[in-house]
Amino acid sequence: MKTLLTQHQLDEGVSRLASEISHYYRGQPLAIVGVLTGSIVFLADLIRRLNRSLRLGLVQASSYRGAATSPGELVIHTGLLPELKGQHLLLVDDIYDTGLTLDGVIRQLIPHGPLSVRSVVLLRKHGRKIAAIEPDHVGFEIPNEFVVGYGLDYRGAYRNLPYVASLEAAELSDTPELMPDSSLRGST
Ligand code: XMP
């Protein structure tokens with residue numbers, strides 16, 4: 001495992017994002033919605049740096065390929081959403097990889113009637129983009145490596161690391177969760 005972003009770098013990056021976001025939404029009603037589960041550490045740090053009123057919520061997005069769903073269909077659970085009507089919506093996610101998760105979440109939240117929809121991601125991976133949509137705020141650009149820590153997991157582990165590390169190929173076993181054509185690839 002190789003450290004990619006130290007606690008200090010993360011701290012500075014999150015502060016920079018908070019200042020961009022505070023500036024952008026000054027005086028506007030704001031709802032912040034984190035995409036479970038990977039965003040929670042970033043979300044918790046980010047909102048504590050926003051010195052303003054806001055509404056907070058969560059969505060869970062899972063990408064399934066099974067008999068009952070179309071290939072790659074994204075299923076969004078919206079039970080923990082705040083009221084979005086009359087609010088500007090800022091989505092918070094851990095990592096922009098292909099962009100399909102963010103694209104799917106945005107499409108499914110637009111009918112909830114927010115005044116606008118933008119997004120912030122802690123990390124953006126190079127060379128993986130498929131979706132047309134771009135995140136509006138990006139913490140760090142990273143190489144195309146599998147990363148863990150600061151909310152991101154490998155088989156459910158490492159989310160609580162206070163830094164971001166990349167796993168070497170030898171540390172990644174051939175798990176279905178990491179395969180692009182898997183039957184269940186949760187956006188967690
Ligand atoms: P897409 O491709 O839809 O993917 O932009 C976003 C979701 O995929 C997961 N993901 C990762 N999770 N380390 C992780 O722990 C990674 O390197 C990684 N790359 C993608 C993550 O759930 C993200 O929200």
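Could you compute the FRET efficiency for Ser22 and Ala131, with r as their C-beta to C-beta distance and R0 at 30 Å, rounded to 0.05?
0.65
Length gain on complete extension for the stretch Leu54 to Thr78, per 0.36 nm per residue less the alpha carbon to alpha carbon distance? Walk me through the intermediate numbers first.
Values: separation 24, 0.36 × 24 = 8.64 nm, distance 1.82 nm.
Extending this stretch completely gives an extra 6.8 nm.
Using the Cα atoms as the points, what is the convex hull volume per residue of the chain in Å³?
In the chain, the Cα hull volume divided by residue count equals 112 Å³.
Under a Cβ-only charge scheme (Lys and Arg +1, Asp and Glu -1), can you give me the dipole magnitude of the chain about the Cα centre, in debye to the nearest 20?
So the magnitude is around 600 debye.
So, R0 is 30 Å and r is the distance between the beta-carbons of Ser173 and Ser15; what FRET efficiency does that work out to, to 0.05?
0.25
Can you tell me what percent of all Cα-Cα pairs in region 35-140 are more than 24 Å apart?
Here the long-distance tail beyond 24 Å is 21 percent of all Cα pairs in region 35-140.
Under a plain spin-label model, where a point goes 7 Å from the Cα along Cα-to-Cβ, how far apart in nm are Glu145 and Thr98?
Between Glu145 and Thr98, the label points sit 2.3 nm apart.
Just so you know, all these numbers are worked out from the coordinates, no wet-lab data involved. Quantities reported herein were computed from a predicted structural model and do not represent experimental measurements. Every residue, glycine as well, gets a Cβ built from its backbone with ideal geometry; the counts of neighbours run over all protein chains shown.
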